[in-house]
Amino acid sequence: SRAGMVLSVLVILLLSMLYEAIKMGKAVLLRRALLALPRSLSREVLAEPEEGGTGPAQGRWFRYHVGQTLFHVVQVVLGYMVMLAVMSYNAWVFLGAIAGSTLGYFV
């Protein structure tokens, strides 16, 4: 039906926008992770304390890395979902994916 097609195109458009937003979020987390690394790369700074605790810089860097990993998993899942929708060989769905990717990158 016409309403179903419009809804499908809208959902694909929103998924494509979300994909681009997650891609940008990963870049922001990478920048923060790099800034959280210690400036000095001496052995004393990089060595972990023997009690099992981590310093503030190492803990912050690890949290950013975990966040990047989760964003990556969501990005891969969304990418495959959009790819499968485009492979339906429907021109409107394809145009919705292109428009969503464009809008997501623009915003």
Quiz item: Looking at Tyr64, is it open to solvent by less than 100 Å² (accessible area, probe 1.4 Å), modelled with pLDDT under 90 and either hydroxyl-bearing (Ser, Thr, Tyr) or touching an Asp or Glu at 6+ places or on another chain (Cβ under 9 Å) (or both)?
Solution: yes
Quiz item: Residues of region 87-102 being part of a helix (DSSP H, G or I), open to solvent by 80 Å² or more (accessible area, probe 1.4 Å) and either touching a residue at least 24 places away in the same chain (Cβ under 8 Å) or more than 9 Å from Met17 (Cα to Cα) (or both), which ones?
Solution: Trp92, Phe94, Leu95, Ile98
Practice problem: Output the residues belonging to region 5-38 that are at pLDDT 90 or above and open to solvent by less than 50 Å² (accessible area, probe 1.4 Å). | Solution: Val9, Ile12, Leu13, Leu15, Ser16, Glu20, Ile22
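Is it the case that some residue within region 71-83 is more than 17 Å from the chain's Cα centre (by Cα) and at pLDDT 80 or above? Outline the logic, then answer.
Of the residues in region 71-83, the ones more than 17 Å from the chain's Cα centre (by Cα) are none.
No, every residue in region 71-83 fails to be more than 17 Å from the chain's Cα centre (by Cα) and at pLDDT 80 or above.
The values are calculated or read from the model by the stated rules, or taken from the named source; none is laboratory data. For clarity, every value in this text was computed on a predicted model and none was experimentally measured. Glycine gets a Cβ as well: all are built from the backbone with ideal geometry, and neighbour counts include every protein chain shown. Accessible surface areas use protein heavy atoms only, side chains included; no ligands, DNA or RNA. Shrake-Rupley method; radii C 1.70, N 1.55, O 1.52, S 1.80 Å.
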